[in-house]
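No value in this document is a laboratory result; all are computed from the given coordinates. Predicted model, so just to flag it, every value in this text is computed and none were measured. So basically every Cβ, Gly included, is an ideal-geometry build from the backbone, and we count neighbours across all protein chains shown.
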Amino acid sequence: MKIGITCYPTYGGSGIVATELGMELAARGHEIHFISYANPIRLSTESPRIHYHEVEVSTYPLFQYPPYCLALASRMAEVAETAHLDLLHVHYAIPHAVSALLARQMLGDRLPFVTTLHGTDITLVGADRSYLPIVKFSIEQSDGVTSISQYLKDRTLRVFETRNEIRVIRNFVNCDQYHHNPDPQARAAYAAPQEKILVHLSNFRPVKRVADAVRVMARVRREIPCKLLMIGDGPDRGPAEHLARELGVEDDVLFLGKQSRIPELLAIADLMLLPSELEAFGLAALEAMACGVPTVATRAGGVPELITDGVDGLLAEVGDIEAMAAHALSLLTDPARYLQVSDAARHTAESRFCTTLVIPQYEEYYREVCSRSSTRRRNSGS
């Protein structure tokens, strides 16, 4: 198939999933066209089946803000015509589904599109109800809708009261790229042999509660020597750095910024911290689990669909620093239990979330959507 993919190219779960999905589809023989205002952060264009089309937005004195939604719709329609796309797959309803709808109409309803909901699409409406009509409309006009967790599907149906079918296709991980094979030299660059390595990976937005990761590490450090690798960047990086200085752990909390070598960094870690206020799924935890790294996370949103508490990870309530620290210490000070949970984490990733299991679900859904769209056009005589 020839598939157009649009996502936010920045450092966040939705863009990472969309990018990894495109690369996995290309590896399976599909022709993939990324359409966005910047090259997605994890995108490798080495494959001849992967193409990138930049959306250029002109600035006019008339507009206070550049009309990206319109420029994206025009670019989608242009790429669809020249590359003979079979469908578009957009990640996030706002504004991508709206742009895809315009592109479909520009092409005489000949271009079906699938919208994948990642979470902020829905929480945005919770914060600003003025977005509800357009998000609801874009969902209902999509030829297919997927969500990354059952939690997100249920919340979408509740918030928007829509009768649309929403297919749950959970996030995935390439179990060949993410695996437990720590490089001793790489580990030595960050920690001494007797130190444990904790890691946090996110876009450092307030919902991720990155300060809680620092607080948990400081509490763990009272009992055992450890380092905390903070991977990513965003608005809460500065406050987190300040907190590390306040708690006297600034030398042991290493802010690495945005990184492309995520598998290598996760492979040297001992524990992932995911203290988020809300997670629609928890992609960072899944990537860590594939590396055999247990996660201590909050019992928030779709996380319990990924982590079975006490089996392949440990869960605590949002904001409960003491519980998260106690969970971390219970693993890091008990080698036998750690090995058991580590093995279970890897098994969960392999048996439920590997690309070999999830990517075929997208392929099947694409075929269903294209078939329905073709039937609808024939019945309408268009």
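Quick notes on this one:
- Here region 339-382 is assigned +1 on the Cβ of each Lys and Arg and -1 on the Cβ of each Asp and Glu. Its dipole about the Cα centre then comes out at about 420 debye.
- Taking 17 Å as the straight-line reach from the Cα of Lys196, the lysines in range (excluding those fewer than 8 positions away in the same chain) are Lys227.
- Projecting the Cα atoms of Ala192, Ala285, Leu228 onto the charge dipole of the chain, computed from C-beta unit charges around the Cα centre, puts Ala285 farthest toward the positive end.
- Relative contact order (%) - criterion: Cα under 8 Å, at least six apart; region: the chain: 14
- Counting neighbouring beta carbons within 10 Å and listing from fewest to most, the residues Lys258, Lys227, Lys136 come out as Lys258, Lys136, Lys227.
- Pairwise centroid distance, computed over Cα atoms, of region 342-371 with region 68-135, Å: 24
- Options Ser149, Leu132, Ile35, ranked by Cα towards positive dipole end of the chain, top entry (Cβ charges): Leu132
- In a reduced charge model with +1 at each Lys and Arg Cβ and -1 at each Asp and Glu Cβ, the chain shows a dipole moment near 800 debye about its Cα centre.
- A simple spin-label model places pseudo-atoms 7 Å from Cα toward Cβ; at Gln185 and Glu78 they are separated by 4.6 nm.
- For the pair region 1-43 and region 169-210, the centres of their Cα atoms are 22 angstrom apart.
- The calculated FRET efficiency for Arg378 paired with Gln105, based on their beta-carbon distance and R0 = 25 Å, is about 0.85.
- In the set [x] 21.0, 79; [y] 20.6, 68; [z] 21.5, 72, the label that goes with Rg and Dmax of the Cα atoms in Å computed for this structure is [z].
- Placing unit charges on the Cβ atoms only, positive for Lys and Arg and negative for Asp and Glu, gives region 184-352 a dipole magnitude near 260 debye about its Cα centre.
- Stretching Leu132 away from Arg299 to a fully extended chain increases their span by 57.4 nm, per 0.36 nm per residue minus the current alpha-carbon distance.
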